[in-house]
Amino acid sequence: MNRRRKRQEAISAYLYLSPAMLIFLVFTIAPALFVLYISTFNWNFLNQSMSTFIGLQNYTHLLTSANFWHSLLITLYFVVGSVPIGVFGALLLAILLMKPFRGRGLLRLLFFIPYVTPIVATSIVWLWLFNPQFGLFNALLQLVHLPQIGWVQSERFAMPSVILYTLWHGIGFNVIIFMSGLTTIPSELGEAARMDGANAWQEFWHVTWPMLSPTTLFVVIINTVGALQAFTQFFTLTGGGPIDATTTTSFFLYQQAFVFYHTGYAAAMAVVLFAIIAVLTFVQLRLSRMRTFYQ
Amino acid sequence: MRGLPLFRCGGGSTVKGNFLNILRIFILVVVALLFVAPFYWVIVTSLNTQSQALQYPPIFLPHWHVANYVRAWSEAPWVQYFVNTVFIAFATTLLVLVTSLLAGFAFGAMEFPGKTILFGGFLAIMMVPQTVLLIPDYILMQNLNWLNTYWAQIVPWGASVFGIFMLRQFFLSFPVEYWEAAQIDGASRFRFLWQFGLPSARPALITIGLYIFIGSWNSFLWPYIMTSTPAVQPIEVGLATFLGTNGTDWVGLSAAVVYTTLPVLIIFLIAQRQFMEGAYSGSGGLKG
């Protein structure tokens with residue numbers, strides 16, 4: 001009787017899981033394997049039956065391509081330029097926001113708003129702000145008699161401009177996460193540290209920072225993975241340019257797959273990108289196991 | 001009460017403490033104003049004439065030139081874009097809620113072999129980046145004849161790991177006694193879920209629904225790749241097309257940005273508490 005009941009429960013559980021499982025299977029798991037398959041073909045975009053198996057040629061082609069390595073370098077520039085500022089800037093804002101004051105809820109809301117806005121829409125706003133001839137940023141520089149810059153249209157400043165937009169768009173999410181992490185730290189710990197004569201910095205460094213490390217790790221991973229995949233702001237703000245100054249690997253992949261129809265080659269790139277994201281996440285998790293403090 | 005301003009002024013009792021507290025609030029206010037400045041600027045631009053917008057020194061106040069809105073509105077099939085976006089977002093949200101409720105209930109309130117492994121597998125799915133799926137899913141859509149349809153924009157996004165996870169957490173803390181009592185009354189498990197689980201899971205469902213709805217509304221790369229005509233395209237793709245054709249009409253573009261973003265902002269402002277707490281639980285969930 002009991003065994004029959006258990007079996008029935010298992011059957012209905014699998015029934016309940018099946019809609020979600022089916023969707024994941026068809027549109028995520030199978031495609032993740034399918035991309036491996038495509039990457040071994042000289043894939044014909046218009047007529048699939050004309051595709052020819054070429055083994056690992058797409059990969060050798062990729063790894064010897066200067067454009068691909070350049071795109072990795074550009075991606076690294078974007079990650080290194082956006083993630084640390086995004087994480088530490090958000091941490092600073094969160095700490096400043098922790099002690100309650102009148103209007104605190106409103107300020108937190110204002111930091112968070114950009115995060116929920118569509119990237120296409122708000123990057124158009126920034127494209128207008130960045131406009132070298134008529135944009136607000138250069139007008140303000142002119143008002144204070146500083147030299148104007150080309151922003152998204154200059155090879156040198158295109159990436160910093162995209163980073164600036166990305167920070168504006170995403171930092172509010174980090175602030176919210178850090179604030180929730182900070183509220184979970186028992187206040188007695190800080191009080192005890194102060195009783196022992198610790199100053200504000202010592203309290204932060206010896207109590208807050210170690211206690212916060214799981215939150216920090218989460219924010220770092222989410223931001224890194226997000227930065228590796230960022231596409232839309234590059235699409236609207238720079239189109240990967242000028243020349244290839246902002247052609248990240250994700251953008252290069254899009255171009256190769258959907259502008260030049262080098263499907264197999266782009267699929268190989270997708271596999272490499274996937275591997276990079278997986279390894280980075282693994283390394284960050286591993287590092288944290290050595291360094292983070294667990295309650 | 002999180003999310004509401006608290007009417008208490010913190011800070012030390014000393015003069016130095018007071019000064020530091022004022023400095024802290026001053027810094028926060030300045031940074032917050034910088035964060036909203038782009039929103040203010042796009043509204044000002046959208047309400048000025050082109051020559052006012054291009055003028056130096058810049059004009060910081062709007063002149064209520066609503067003609068930009070009329071012109072921008074007439075230059076693209078915005079009604080069609082809005083209808084598509086709302087339909088896709090609603091259908092996706094509904095599908096996600098159904099699949100998450102069922103799967104979350106199974107993971108949180110039922111026993112079956114392979115549960116732990118399967119749950120780990122579901123979490124691992126979150127690791128697969130969208131960029132990686134773009135090519136194989138495009139070819140899949142090609143073979144399903146789903147390119148340039150609503151289907152391609154709804155069904156692949158019809159299950160959410162975040163949603164399943166949140167509902168699993170909810171049903172884990174659901175008292176077993178309720179189910180036992182329902183069994184004595186002879187209720188089936190499905191009826192129990194429908195009549196009892198669904199209403200009590202409402203707060204979680206609302207949070208998930210809001211995030212999925214806004215996520216669907218804001219999505220760009222996927223619909224941009226999978227569709228080719230305005231008949232099925234969502235608003236952000238329409239806006240990108242509008243940028244391509246009207247790229248120098250900054251006042252018209254600004255107007256289009258304002259009326260396409262307004263619905264998102266309104267939804268967010270009405271439900272800000274759910275959004276903020278959703279972000280909390282999303283992070284709390286992943287850490288556990």
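The values are calculated or read from the model by the stated rules, or taken from the named source; none is laboratory data. In this text, all values refer to a predicted model and were calculated from it rather than measured experimentally. Cβ: placed from backbone, ideal geometry, glycine included. Neighbour counts: every protein chain shown. Note: accessible area is taken over every heavy atom of the protein model, side chains too, but ligands, DNA and RNA are not part of it. Shrake-Rupley method; radii C 1.70, N 1.55, O 1.52, S 1.80 Å.
A few comments on the model shown:
- Within region A:83-150, the trypsin sites (Lys or Arg not before Pro) that combine a DSSP coil assignment with at most 14 other C-beta atoms in a 10 angstrom radius are A:Arg102.
- Its Cα centre serving as origin, chain A has a Cβ charge dipole (Lys and Arg +1, Asp and Glu -1) of approximately 1020 debye.
- Cα gyration tensor shape for region A:67-291, rounded if a/c is under 1.5, else prolate or oblate: oblate
- Based on Cα contacts under 8 Å between residues 6+ apart, region B:1-138 shows a relative contact order of 10 percent.
- In the context of the full set of protein chains, residues of chain B present 47 Å² of accessible surface per residue (probe radius 1.4 Å, heavy atoms only).
- For region B:30-70, alpha-carbon Rg relative to the globular expectation (2.2 N^0.38 Å, N residues): 1.23
- Computed over neighbours whose Cβ is under 14 Å from that of A:Pro186, the net charge equals -2, Lys and Arg +1, Asp and Glu -1.
- Accessible area of A:Phe274 in the full protein assembly, 1.4 Å probe (Å², nearest 10): 60 Å²
- Taking the 1.4 Å solvent-accessible surface of chain B as the whole, the part contributed by carbon and sulfur is 71%.
- Protein accessible area in chain A, 1.4 Å probe - carbon and sulfur %: 67 percent
- Per-selection Kirkwood Rh - chain B (Cα, Å, 1 d.p.): 22.7 Å
- Each Lys and Arg contributes +1 and each Asp and Glu -1, all at the Cβ; summed about the Cα centre of the protein assembly as shown, the dipole is approximately 1220 debye.
- Estimated [θ] at 222 nm from DSSP helical runs (n ≥ 4, -39500 (n - 2.57)) normalised by residues in the protein assembly as shown, nearest 500: -22500 deg cm²/dmol
- Summing Cβ point charges (Lys, Arg +1; Asp, Glu -1) relative to the Cα centre of chain B gives a dipole of roughly 720 debye.
- Chain B, relative contact order in percent, only Cα pairs under 8 angstrom and at least six apart counted: 31 percent
- When B:Trp73, B:Trp78, B:Trp250, B:Trp146 are compared by accessible surface with a 1.4 Å probe, the order from highest to lowest is B:Trp73, B:Trp146, B:Trp250, B:Trp78.
- Average other protein chain Cβ within 10 Å of Cβ, residues B:147-159: 2
- Rolling a 1.4 Å probe over the protein heavy atoms gives region A:100-255 an accessible area of 38 Å² per residue.
- Distance distribution note for the protein assembly as shown: the fraction of Cα pairs above 37 angstrom is 39%.
- Whole-number percent relative contact order across chain A, with pairs defined as alpha carbons under 8 Å at least 6 apart: 27 percent
- Region A:1-95 - Debye-derived log10 I(q)/I(0), Cα point model, q = 0.18, 0.19 Å⁻¹: -0.96, -0.99
- Cα shape, region A:96-149, gyration tensor, a/c 1.5 rule: oblate
- Interface B:A - total buried accessible surface [probe 1.4 Å, Å², rounded to 100]: 8800 Å²
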